[in-house]
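The values are calculated or read from the model by the stated rules, or taken from the named source; none is laboratory data. What you are looking at is a predicted structure, and each value in this text was computed from that prediction instead of being measured. Here the Cβ is made from the backbone with ideal geometry for all residues, glycine too, and neighbour counts use every protein chain on show.
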Amino acid sequence: MKNIFFLMLMVQTIFAQQSVKSKYSIDDFILIESVEDQEKQYNKMLKEFSSDPTNVSASNDFRAELAVQWLAQGNVERYRYYKKSNPRFSARQFMYLVSALEKLFDEKKKYNDVKDISAELLEDLENQKLEDGVSRTPVLMELNAASNAMLGNIQIAQELIEKSSKDQGSSAREIKYFKDMQANYLNRYAIVMSAAGNHQAAYDILYKALKEAESNPYMIPTFKEVYKKLKGTSKGADELINSLQKDAYEKYYKEVEANYISSPQKKLEGTIPDPEDSSKNVTLFSADKQVYDIALQNLNGIPVNLSDYKGKVLAIDFWTTLCTPCVSAFYGFEKVIADYKKNDFKMFVINIFETEPTVKAYVKQKGITLDVLRDEENTAYNIQGTPTKIIFDPTGNIRFYAVGYAGSTDREYYKLKAMIEITKKRSIKI
């Protein structure tokens, strides 16, 4: 528990970057918001420092970053252009490479590219040209297996998915750190099982995952396809999915309801069990001021007064760009926000400790659509661990708070939605 908790804290030195040239720093390079502008800066740097960029060791971090950012945009051609110069990827860059491949598989459906790139990266790992300090190797195996399954290479797919299950890094699936790590694994395992003709096994895996909220939106089309192959028809699939999702939501509704703060409190010291001694508590945040007294700037530098949201259920979530679980939770938040088109709910994600350029570049590069505020000095509530979310009723009383990532997009969605619905329901009686 101690290790999991401190993984969620703000400082993660494993991803620290080194500057190569005083004029051209990789730290500054990362803050350039678009990959196109990064590439222009890189080409300008080359003209000044070298006529042969592939042999300049000082350009390694820049080439690696460009490879990562182009792949994140789905541009495989530009990724390969920079990858062929054999850059050495940092732990941070390797983590983002794997995330980019997941997006290429889940959203772009580029199975041939995912198969080839994941195979190349796995070979680099085996030949020690690449190091995995963040337990992403099993994910590469899963992606390679699922891509091969989609392309009809069944034996290879089966061998790789079993290997991924036994890899020493597979235990990281149990840590609620990376987005949908267990849910993605179950979905990809089911894809391989179904491709091999074992539709019942695939169905059972997905049925349980949906019922227990170890799931995400990408699992739905897989389940529908498996259901059709097993039943011989699509009839009844949507109804079953809705039933499973309803069961999952009701489970977490009851779990969340037990944590409702029934006595009205506009100020509160939020505590959680001490990671080193569960019989003791440690302070998570100090709400020593009313939420409506807080004003923070958005990414355009415009002050946002939280008092403008009186009469609404208000959710605020504290995060940093170096906190992977923080950003993992955003996908569940987006689903919740999509449910509330009316004017009875508002959510902000509040970045702490980091500068405006750092946050703006990260938000742009990652395509984050949530409303972001900044509290660089951490003055609002003195947050001690991220991610931390706090829910306020329409009169500004704190009704829920929680720390950590729920582990899957759907579970994060169910839990936050339950907090909102319970707060709305109870506030009617105030």
Report summary line: How many residues of the range 275-297 are touching a strand residue (DSSP E or B) at 6+ places or on another chain (Cβ under 6 Å) and either basic (Lys, Arg) or assigned to a strand (DSSP E or B) (or both)? The answer is 11
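Could you tell me which of the residues 209, 213 is touching a residue at least 60 places away in the same chain (Cβ under 8 Å) and either among the acidic types (Asp, Glu) or farther than 30 Å from residue 289 by Cα (or both)? So that I can check it myself, show each step before the final result.
Values: 209 fails: touching a residue at least 60 places away in the same chain (Cβ under 8 Å).
Step by step, each of 209, 213 is checked, and only 213 is touching a residue at least 60 places away in the same chain (Cβ under 8 Å) and either among the acidic types (Asp, Glu) or farther than 30 Å from residue 289 by Cα (or both).
Would the range 96-112 turn up any residue that is of a type in the set (S, T, N, Q) and not in a helix (DSSP H, G or I)?
Of the range 96-112, the ones of a type in the set (S, T, N, Q) are 99, 112.
Subset that is not in a helix (DSSP H, G or I): none.
No - not one qualifying residue is present in the range 96-112.
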Report summary line: Scanning the range 352-391 residue by residue, the ones that are touching a Ser or Thr at 6+ places or on another chain (Cβ under 8 Å) and closer than 25 Å to residue 260 by Cα total 5
Query raised in the report: So residue 426 fits all but one of (1) within 22 Å of residue 68 (Cβ to Cβ); (2) assigned to a helix (DSSP H, G or I); what number is the exception?
Result: (1)
Report task. Can you confirm whether the range 94-108 contains a residue that is surrounded by 20 or more Cβ atoms within 10 Å (Cβ to Cβ), more than 18 Å from the chain's Cα centre (by Cα) and either under 25 Å from residue 191 (Cβ atoms) or small (Gly, Ala, Ser) (or both)? Result -> no
Report task. List every residue pair whose Cβ atoms sit under 6 Å apart, with the two residues 6 or more apart in sequence or on different chains, where the first one lies in the range 95-120 and is closer than 15 Å to residue 137 by Cβ and outside the structural domain of residue 149 (by TED's automatic domain parsing) and the second, anywhere, is surrounded by fewer than 22 Cβ atoms within 10 Å (Cβ to Cβ) and charged (D, E, K, R). Result -> none
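Any residue at all in the range 251-262 that is among the polar types (S, T, N, Q) and out of contact with any strand residue (DSSP E or B) (no Cβ under 7 Å at 6 or more places or on another chain)? Outline the logic, then answer.
First, pick out the residues of the range 251-262 that are among the polar types (S, T, N, Q): 259, 262.
Add one more test, that the residue is out of contact with any strand residue (DSSP E or B) (no Cβ under 7 Å at 6 or more places or on another chain), and what stays is 262.
Yes, because at least one residue in the range 251-262 is among the polar types (S, T, N, Q) and out of contact with any strand residue (DSSP E or B) (no Cβ under 7 Å at 6 or more places or on another chain).
I need a count of the residues in the range 228-245 that are over 15 Å from residue 415 (Cβ atoms) and either part of a helix (DSSP H, G or I) or modelled with pLDDT under 95 (or both). Working first, answer last.
First pass over the range 228-245, keeping only residues over 15 Å from residue 415 (Cβ atoms): 228-244.
Subsequent filtering for residues that are either part of a helix (DSSP H, G or I) or modelled with pLDDT under 95 (or both) retains 228-231, 237-244.
Residues in the range 228-245 being over 15 Å from residue 415 (Cβ atoms) and either part of a helix (DSSP H, G or I) or modelled with pLDDT under 95 (or both): 12 in total.
When you scan the range 28-46, do you find a residue that is of a type outside the set (S, T, N, Q), outside any helix (DSSP H, G or I), at pLDDT below 95 and surrounded by 18 or more Cβ atoms within 10 Å (Cβ to Cβ), even just one? Before the answer, list the steps.
Initial filter on the range 28-46 (of a type outside the set (S, T, N, Q)): 28-33, 35-37, 39-40, 42, 44-46.
In the following step, the residues that additionally are outside any helix (DSSP H, G or I) were identified as 31-33.
Of the ones still in play, those that are also at pLDDT below 95 are none.
Checked against the condition, which is being of a type outside the set (S, T, N, Q), outside any helix (DSSP H, G or I), at pLDDT below 95 and surrounded by 18 or more Cβ atoms within 10 Å (Cβ to Cβ), the range 28-46 yields no hits at all.
For (1) part of a helix (DSSP H, G or I); (2) within 17 Å of residue 96 (Cβ to Cβ), each residue gets a yes or a no:
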| residue | (1), (2) |
| --- | --- |
| 118 | yes, yes |
| 123 | yes, no |
| 130 | no, yes |
| 141 | yes, no |
| 144 | yes, no |
| 148 | yes, no |
| 156 | yes, no |
| 164 | yes, no |
| 171 | yes, no |
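What is the residue count in the range 312-343 for residues that are out of contact with any strand residue (DSSP E or B) (no Cβ under 8 Å at 6 or more places or on another chain) and either in contact (Cβ under 8 Å) with a residue 40 or more places away in the chain or not in a helix (DSSP H, G or I) (or both)?
Applying the first criterion (out of contact with any strand residue (DSSP E or B) (no Cβ under 8 Å at 6 or more places or on another chain)) to the range 312-343 yields 322-325, 328, 331-332, 334-335, 338-343.
Within this subset, residues satisfying the condition of being either in contact (Cβ under 8 Å) with a residue 40 or more places away in the chain or not in a helix (DSSP H, G or I) (or both) are 322-325, 328, 331-332, 335, 339-343.
Qualifying residue count, the range 312-343: 13.
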